[in-house]
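A short reminder: the numbers here are calculations on the coordinates, not readings from a lab. All of these numbers come straight from a predicted model, not from anything done at the bench. Quick reminder, even Gly has a Cβ in these numbers, built from the backbone with ideal geometry, and neighbours come from all protein chains shown.
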Amino acid sequence: MRRIIIKSLLFSVAMLPLLASAADYPDRPVRLVVPFGAGSSGDVVGRQVAEALGARLKQTVIVENKPGSGTAMGATAVARATPDGYTLLLGTNATHASNKALYSKLQYEPLKDFEPAAFVGLVPSALVVSASSPYKTLSDFVNRAKANPGKVSYASSGNGTTGHLAGELLATMAKVKLLHIPFKEAAQGLTGVLGGDIDAILIPPSSVISLISTGKLRAIAVSTQRRSQALPHVPTIAEQGYAGYDIVGWYSMSAPAGTPAAIVQRLNTEMRALVMDPVFAEKLTGLGLTTQPMTTAELVGFFKSEEAKAAQLIRQSGAVID
């Protein structure tokens, strides 16, 4: 018993600097790790968040790009950082949902190594085909797949990504076999669709709106239960005969496990205020996001649900990355 008391006292003493710093947080620049390369859609979102959050915190928020291993490199770095609120992660459905099922040697535990701080927004995927494609509707696409098992193709930016899982769920619900072609970058798959080498791609609307408006691509469905604010005239997969279909990408913000609750709550309060601010929400809408405020408790439940959904779809697809 005495040893337990001593350990508890030592732990309390060790935590004193963190607890003290929470009252003055932040008193120096905050680092936001973005697990994507510079210029990517995730990087653009991260920089919008950093600028707006910095203004509310009255402190600079610096974006640090740390791409690699399907977002796992950046997430691992934050999981190992000092839990003082000065190193944060722009998390996604990859970092906190699909990576655990994809990587047999993942070096962090999504639900244990982070303190979920805030939700940023949802990102639908658009099922897009070339304007010269014979697919005018989702039914056209599915019917061709039924008649040609394993020959109708779709591209994604890699195994386990939102685009891959969205295609896997469609194939499961429509009872067809699709040919998945993964690329390192969505742009490579998009080139294949534009050239007619690949039938379709599931991709965030923000990446293809200009190509749709100039008549080079056609969007035939979106992956969320509600229509995308970026493509309001494109029907969802759910409303085209697949009730319950709902696959979405998302962005969140997390701190390393052990970060003082007061700091986590401060971040949650500021980010909820931001996503409910019409000016900031409009900026994110322009990037293809749908903003959605969440409490930390709601975010924990969301992470658990998304991890379970991703694990099931990845098992069905057989995708594994060592």
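In this Cβ point-charge picture (+1 for Lys and Arg, -1 for Asp and Glu), region 150-240 has a dipole of about 140 debye about its Cα centre.
Counting each DSSP H run of 4 or more residues in the chain as -39500 (n - 2.57), what helix-only mean residue ellipticity at 222 nm follows after dividing by all residues, to the nearest 500 deg cm²/dmol?
Calculated at 222 nm, the ellipticity per residue is -13000 deg cm²/dmol.
Diffusion of region 37-137 by Stokes-Einstein, at 20 °C in a medium of 1.002 mPa s and with Rh set to the Kirkwood radius over alpha-carbon pairs, works out to 137 µm²/s.
Put simply, when 165-174, 88-97 are sorted by average Cβ atoms within 10 angstrom per residue, most first, you get 88-97, 165-174. Calculated from the alpha-carbon coordinates, region 67-120 shows an Rg and a Dmax of 10.5, 30 Å respectively.
In the chain, what is the volume of the convex hull around the alpha carbon atoms, normalised per residue and reported in Å³?
Working: hull volume 42.8 nm³, N = 322.
Measuring per residue, one finds 133 Å³ for the Cα hull of the chain.
Counting other Cβ atoms within 10 Å as a rough exposure proxy, the listed residues Y154, Y103, Y108 run Y103, Y108, Y154 from fewest neighbours to most. From least to most packed, judged by other beta carbons within 10 angstrom and beginning with the fewest, F302, F114 follow the order F302, F114. Stretching the chain fully between S210 and E282 yields a gain of 24.1 nm (0.36 nm per residue, less the alpha carbon separation). Across all Cα atoms of region 150-240, the radius of gyration (one decimal) and Dmax (whole number) stand at 12.5, 33 Å. Of the residues D27, D277, the one with the fewest other Cβ atoms within 10 Å heads the list, and the complete ranking is D27, D277. In this simple spin-label approximation, Q265 and T172 carry label points 7 Å from Cα along the Cα→Cβ vector, and these lie 3.9 nm apart. Would you mind classifying region 205-322 by shape? Square roots of the alpha carbon gyration tensor eigenvalues, ordered a ≥ b ≥ c; an a/c under 1.5 is rounded, otherwise it is prolate if a/b is larger than b/c and oblate if not. It is oblate, given that a/c is not under 1.5 and a/b is not larger than b/c. The alpha carbon convex hull volume per residue for region 67-204 rounds to 121 Å³.
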